[in-house]
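Structure record follows, encoded as C-alpha cells.
What follows is calculated from the coordinates using simple rules that are stated; it is not laboratory data. All values derive from a computational prediction rather than experimental measurement. FYI the Cβ positions are ideal-geometry reconstructions off the backbone, even for glycines, and counts take in every protein chain you see.
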Amino acid sequence: MIDGIHFGGQVLVVALGIAEGGEKHVLGVWQGATENTTVVKGLLEDLVDRGLHRQRRYLVVIDGSKALRAGVERVFGEQVEVQRCQIHKRRNVKEYLPENCQKDYDRRMRNGLRDEQLRGGQRGVAENLPATGEDQSKRCRSL
C-alpha cells in the first residue's frame, strides 16, 4: 500500500507492506512537498535497492492518484497489479451524494463492495447506492 500523509506542511509518502497474516510493516517513507511521481519513484527505487525484487508480481493499493500510479508503473512496469483503495473509493463517491442520502451510504457501499468481490464488476456497487433520482454515472466513474 502506498499513500501520502500530510504532516507539518510536507507530505510523507509511505510504503506499507501487509503480510499474509495481516501484519503491517513500514517498508519506507519519503518526504516531499506533494504526493508526486518523482517522490513515489524514489521511494520504490530505494526499496528495490534494499532488496525488493522487481521480477516478483505485487499488488499495490493506492488512493487513485495518477502520480502514485505513474511512479509505481515506472519502477515495476507490467510486473505490478494496482488496486484502488476501497476506503478512498467510498470517500470519493460520498462527495457526489446529496446530504439527505449520506446516512445509509456507508452500509450500502460496504454491501456493494462485498457483492462486487463476489460477482465481479461495478454493478454490485451501483445497485447498492441510494437512489437519488439523478444520473449515477458520476458516482460510478470514481470506482
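What's the local net charge at T34, with K and R +1, D and E -1, over the other residues with C-beta under 14 Å away? Net charge around T34: -1. Near N36, no amide H atom lies under 5 Å from its own; only residues 5 or more places off or on other chains count, and H is placed 1.01 Å from N.
Placing a label point 7 Å from the Cα of E45 along the Cα-to-Cβ direction, the residues of region 73-108 with a backbone N closer than 15 Å are 73-77. Computed over region 28-104, the range of Cα coordinates on each principal axis works out to 50, 29, 17 Å, biggest value leading.
In this calculation the C-beta distance from V82 to A33 is compared with R0 = 22 Å, giving a FRET efficiency of 0.40.
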